[in-house]
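The values are calculated or read from the model by the stated rules, or taken from the named source; none is laboratory data. Bear in mind the structure is a predicted one, so any value in this text is a computation, not a measurement. All Cβ positions, even for glycine, are placed from backbone atoms using ideal geometry, and neighbour counts span all protein chains on display. With ligands, DNA and RNA removed, areas are computed over all heavy atoms of the protein, side chains included. Shrake-Rupley method; radii C 1.70, N 1.55, O 1.52, S 1.80 Å.
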Amino acid sequence: MTIRLVGVSASYPTLRVIICLKELGLPYELEPPASYQSLKDEDYIANKHPFGKTPVLFDGDFRITESRAICRYLASKYQGKHNDTILIPNDVHKAGLVDQFISYELSYYDPPLLKIVYQKKFVKNFLNKDPDPEIIKQAHEELAKVLDVYEKLLEGKEYLNGEYSLADLVHCPGTYCVYGAGHSDLWDSRPNVKNWWNRLCNRD
Amino acid sequence: MTIRLIGYSFSGPVLRVIICLKELGLPYELEPPASYQSLKDEDYIANKHPFGKMPVLFDGDFRITESRPICRYLVSKYQGKHNDTILIPNDVHKAGLVDQFISYELSYYDPPLSKLLYQEKIAKRFLNKDPDPEVIKQAREELAKVLDVYEKLLEGKEYLNGEYSLADLAPCPSTYYVYGTVTHSDLWDNRPNVKNWWNRLCNRDAIKKSIEEAKSFWENNENV
């Protein structure tokens, strides 16, 4: 039975799951919702996501939400079944560190990224307002400090936990958007971070 | 070799790990940092947490940070070894749902709770500012909507995933602070499923004992 993924591929959390499905060699069907507003419909809330969000994944009758939780579930169930890609190491210590790096992404990396995305993409396209340069400047500075930490974390390593893992994957959607939106200097001016991002961009 | 936990027991993320350690029956040593400022020292950043936060857990030479990963690590390694408590089910689907509920806590439940906590506890005590009634009102409304969802999620269930799990443990610290120490308990008490869920959690030994530890630290360390 095919996996169904409810969401739009332009949304980061959905893109995160799409990358994970592809990495694990899993076929799936993408089902974009009727509209953004339809996520607040009673039916959507009752049968898809109680907080009216995407993505939602159906694996047969099993339904799961929240992109990082979905990725961990897919890795736990299917890793190694269709190909050799390891997203979560079997060793409990290495797996713990992958989890830690996913938490760094969520707690420190993502917030300033999202502020920039909100200003540059959402405010203009959906609210018809001009982006606020002060917020963008602040977010840029916050992200610079975070990337300084990542520069050290990546010292002597190709990926956050040594080998490629879910920890690197989760960073991709947001990074791709902000890198391409006029902030590439943040990554390119830090050699370890720059090389890390280039490696990620080169994965199929 | 004993587990070492760096942090203050009254800090939400640290308390989360303390509850987890107690639930799993694991002995540990709590090491409070010298001060909040010491978390920004070069040595702390290099050898404990690269973003200058707590908790940090040392299991022998192995170091891990971030409270929810620490909990998941402890469960993966030690669940079932000292007692029968199951925090993450072995079944991959049930475990996936526990993970999903932990994500709900992080994404939807915690943000308004943290705003309330900041206004009611931290602004006054640490920053000498008055709580902002507008922020409090907004946070309360946001939290009310989240608890409406939790009320449905808990329909016919004692715990979020049916049986007690890490998904129920994770929201305890901030719930305790906002429910128990400031005047917002009505948000939980007005919703029968949520109220019963919280009462069940408060009656668990590990949670009771951990909260006692956190309370006594507040009382004995007025000037932290």
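Points worth noting:
- Only one entry in A:I64, A:I70, A:I136, A:I88 is within 22 Å of B:K94 (Cα to Cα) and out of contact with any strand residue (DSSP E or B) (no Cβ under 9 Å at 6 or more places or on another chain), namely A:I88.
- Residue that is modelled with the highest pLDDT, among those in region B:12-37 that are small (G, A, S) and over 20 Å from B:Y176 (Cα atoms): B:G25
- Boolean, A:T85 is surrounded by 14 or more Cβ atoms within 10 Å (Cβ to Cβ), out of contact with any Ser or Thr (no Cβ under 9 Å at 6 or more places or on another chain) and assigned to a loop (DSSP other than H, G, I, E, B): yes
- Residue under evaluation B:R4, criteria (1) part of a helix (DSSP H, G or I); (2) open to solvent by 50 Å² or more (accessible area, probe 1.4 Å); (3) not small (G, A, S), criterion not met: (1)
- The residue of region A:55-64 that is farthest from the chain's Cα centre (by Cα), among those that are among the hydrophobic types (A, V, I, L, M, F, W, C) and open to solvent by 10 Å² or more (accessible area, probe 1.4 Å), is A:F62.
- Failed item in (1) open to solvent by 20 Å² or more (accessible area, probe 1.4 Å); (2) closer than 22 Å to A:Y164 by Cβ, with A:A10 passing the rest: (2)
- For A:Y44, the criteria (1) more than 20 Å from the chain's Cα centre (by Cα); (2) surrounded by fewer than 20 Cβ atoms within 10 Å (Cβ to Cβ) hold in every case but one, which is (2).
- Residue selected from region A:65-82 under the condition surrounded by fewer than 20 Cβ atoms within 10 Å (Cβ to Cβ) and within 7 Å of chain B (Cβ to nearest Cβ), by the criterion farthest from A:G162 (Cα to Cα): A:K77
- Condition check for B:F62: within 10 Å of chain A (Cβ to nearest Cβ), of a type in the set (F, W, Y) and under 27 Å from B:I122 (Cα atoms): no
- Listed by position, the helices (runs of 4 or more DSSP H) inside region A:88-204 whose residues that are under 20 Å from the mean Cα position of the chain (by Cα) and within 30 Å of B:D61 (Cβ to Cβ) number at least 2 are A:92-104, A:133-153, A:166-169, A:191-201.
- Checked against (1) away from chain B (no Cβ under 13 Å); (2) open to solvent by 20 Å² or more (accessible area, probe 1.4 Å); (3) under 30 Å from B:G52 (Cα atoms), A:F122 passes all but a single condition, namely (3).
- The listed residues are A:L153, A:L114, and the only one of them that is out of contact with any Lys or Arg (no Cβ under 7 Å at 6 or more places or on another chain), modelled with pLDDT of 95 or more, surrounded by 15 or more Cβ atoms within 10 Å (Cβ to Cβ) and under 26 Å from B:S67 (Cα atoms) turns out to be A:L153.
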